[in-house]
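The values are calculated or read from the model by the stated rules, or taken from the named source; none is laboratory data. Source: prediction; values computed, not measured. Every residue, glycine as well, gets a Cβ built from its backbone with ideal geometry; the counts of neighbours run over all protein chains shown. Only protein heavy atoms, including side chains, enter the accessible area calculation; ligands, DNA and RNA are left aside. Shrake-Rupley method; radii C 1.70, N 1.55, O 1.52, S 1.80 Å.
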Amino acid sequence: MTVRYLRPFVLSCCLFSSASAIAAEYSPIPSVARMTDVAKAEVPFNLAELKTNWKKRIMAMRAAGIMPFIDIESNLGENLDIKRFARDMDQEGVALIAFSGIAMGRGWSDAARYAVAADPWRYIPAGDGGLPPDWKNDPLGFVQKTRDHVVKEGYPLMGEYEFRHYPSPDQVQRGNLNRDERLPIDGPAGHALFQLAEETGLSFQIHEEIEDQFLAPLESMLARYPKAKVIWCHLAQMRYQDRNTIYGPEYVRQLIEKYPNLYFDLFSGPPGVIYTPSGEYPGKYWDVSSGRLKPEWAKLIADHPWRFMTALDLNPFIMNAFSKKVAAQRAVLDSLPAEVQEIVAYKAAWKLLFNEDFAQ
């Protein structure tokens, strides 16, 4: 790792260290460490009240000279030390996290309800997406489970659904290769999920590896369900480059211009970190020498900022990487023109989730 790669990350860390003295003023720190020590939030969620809290928190960070951002995609569990993590979020200038629970074979996780009850300032409740392994084991049944919970309980985001997913780097490190999953996006469960999204107007996330063979089926679904709001996770994250001859900034530009229902989150493997099974750097939008976005990717995002959102892709096994993940997203934002940074950092997510502009 070179000094040139580290520079944007160091600048971001220094910026937030200087703001830490007033971090407690952003919003109250939870009174409990274990979220399950409080009763679950009542449902349907009181989004009007929650949005008031969330907006105050964002504005407090802005007033302190911090660029707040919303993490649109993280899968967290009930064992999170919510008091300690609140301080970590304040230290790093992370305004909100879309909190998706982990069912672990129980059929559904109510972790987001606990999180919102314990800390109604920092978490946007998201459906758990069946990760893992409920979506994999019974995808059609889990679409019905999603309807039963997400729709009836008033979640503003359905969660992340895996169609093609290779083992994540932390799983490879632990020798856990069971997440090597494949479910056709244009199969029965995919159609049921897209139909549910179109009926309700709720957005959902997909994990679909970037390979030639998966692009046409995805485009077919986007065209068939034009009102289904789809967030494709991990812009330009390619774990096996030789399996892609199509995807690149110009192809993504064509997708954006053709399908107004398609969005992207901006987490991708950081520069300098190799995906062991392939021996490649998965984050193809990085200029590894500078630690910033390649110009063609930065221009794409700047031209269509309302279609891109910051993300951290956290899970319970990698919480010690929180600061590094934040720094990577700061480097993404720092690569963009100043006039679009706020859009990508939080305004685009706010508009997508709540169907309204972030009013100051």
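Structure data summary
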item: Output for the range 264-290, where each listed residue is touching a Leu at 6+ places or on another chain (Cβ under 9 Å), free of Cβ contacts under 8 Å to residues at least 24 places away in the same chain and under 20 Å from His207 (Cβ atoms); result: Trp286
item: Flag for Val326 being under 18 Å from the mean Cα position of the chain (by Cα), in a helix (DSSP H, G or I) and aliphatic (A, V, I, L, M); result: yes
item: Residues of the range 287-312 satisfying the condition of being open to solvent by 30 Å² or more (accessible area, probe 1.4 Å), in contact with a strand residue (DSSP E or B) (Cβ under 7 Å, 6 or more places away or on another chain) and in a loop (DSSP other than H, G, I, E, B); result: Lys294
item: Conditions (1) more than 21 Å from Asp265 (Cβ to Cβ); (2) open to solvent by less than 50 Å² (accessible area, probe 1.4 Å); (3) not in a helix (DSSP H, G or I): number failed by Asp90; result: (3)
item: Among (1) more than 20 Å from Gln254 (Cβ to Cβ); (2) open to solvent by less than 10 Å² (accessible area, probe 1.4 Å); (3) within 20 Å of the chain's Cα centre (by Cα) - the single one Ala228 does not satisfy; result: (1)
item: Hey, Phe69 within 20 Å of Trp350 (Cβ to Cβ), at pLDDT 95 or above, more than 19 Å from the chain's Cα centre (by Cα) and among the aromatic types (Phe, Trp, Tyr) or not; result: no
item: Residue in the range 130-144 that is open to solvent by 10 Å² or more (accessible area, probe 1.4 Å), in contact with a Phe, Trp or Tyr (Cβ under 6 Å, 6 or more places away or on another chain), of a type outside the set (Lys, Arg) and modelled with pLDDT under 95 present; result: yes
item: Number of the exception - Ile246 against (1) without any contact (Cβ under 8 Å) to a residue 40 or more places away in the chain; (2) within 26 Å of Arg179 (Cβ to Cβ); (3) in contact with a strand residue (DSSP E or B) (Cβ under 9 Å, 6 or more places away or on another chain); result: (3)
item: Inter-residue pairs, beta-carbon under 6 Å, first more than 17 Å from Ala236 (Cα to Cα) and in the range 317-330, second open to solvent by less than 50 Å² (accessible area, probe 1.4 Å) and of a type in the set (A, V, I, L, M, F, W, C), 6+ apart; result: Ala327/Phe9
item: Strands (runs of 3 or more DSSP E) wholly inside the range 129-247 that include at least 3 residues being more than 23 Å from Tyr285 (Cβ to Cβ); result: 157-165
item: Cβ-Cβ under 9 Å pairs, at least 6 apart or on other chains, the range 91-120 side free of Cβ contacts under 8 Å to residues at least 40 places away in the same chain, far side hydroxyl-bearing (Ser, Thr, Tyr); result: Phe99/Ser74; Phe99/Tyr123; Gly101/Ser109; Gly101/Tyr114; Ala103/Ser109; Ser109/Ser100
item: Within the range 34-54, considering residues that are of a type in the set (Lys, Arg) and surrounded by fewer than 17 Cβ atoms within 10 Å (Cβ to Cβ), the one nearest to Ser203 (Cα to Cα); result: Lys40
item: Boolean, Leu293 is in contact (Cβ under 8 Å) with a residue 40 or more places away in the chain and under 24 Å from Ser100 (Cα atoms); result: no
item: Any hit, the range 112-121, residues being modelled with pLDDT of 95 or more, open to solvent by 10 Å² or more (accessible area, probe 1.4 Å), more than 30 Å from Ala60 (Cβ to Cβ) and more than 18 Å from the chain's Cα centre (by Cα); result: no
item: Matching option when the condition is at pLDDT below 95 and either open to solvent by 50 Å² or more (accessible area, probe 1.4 Å) or under 25 Å from Glu342 (Cβ atoms) (or both), among Arg84, Arg106, Arg57; result: Arg106
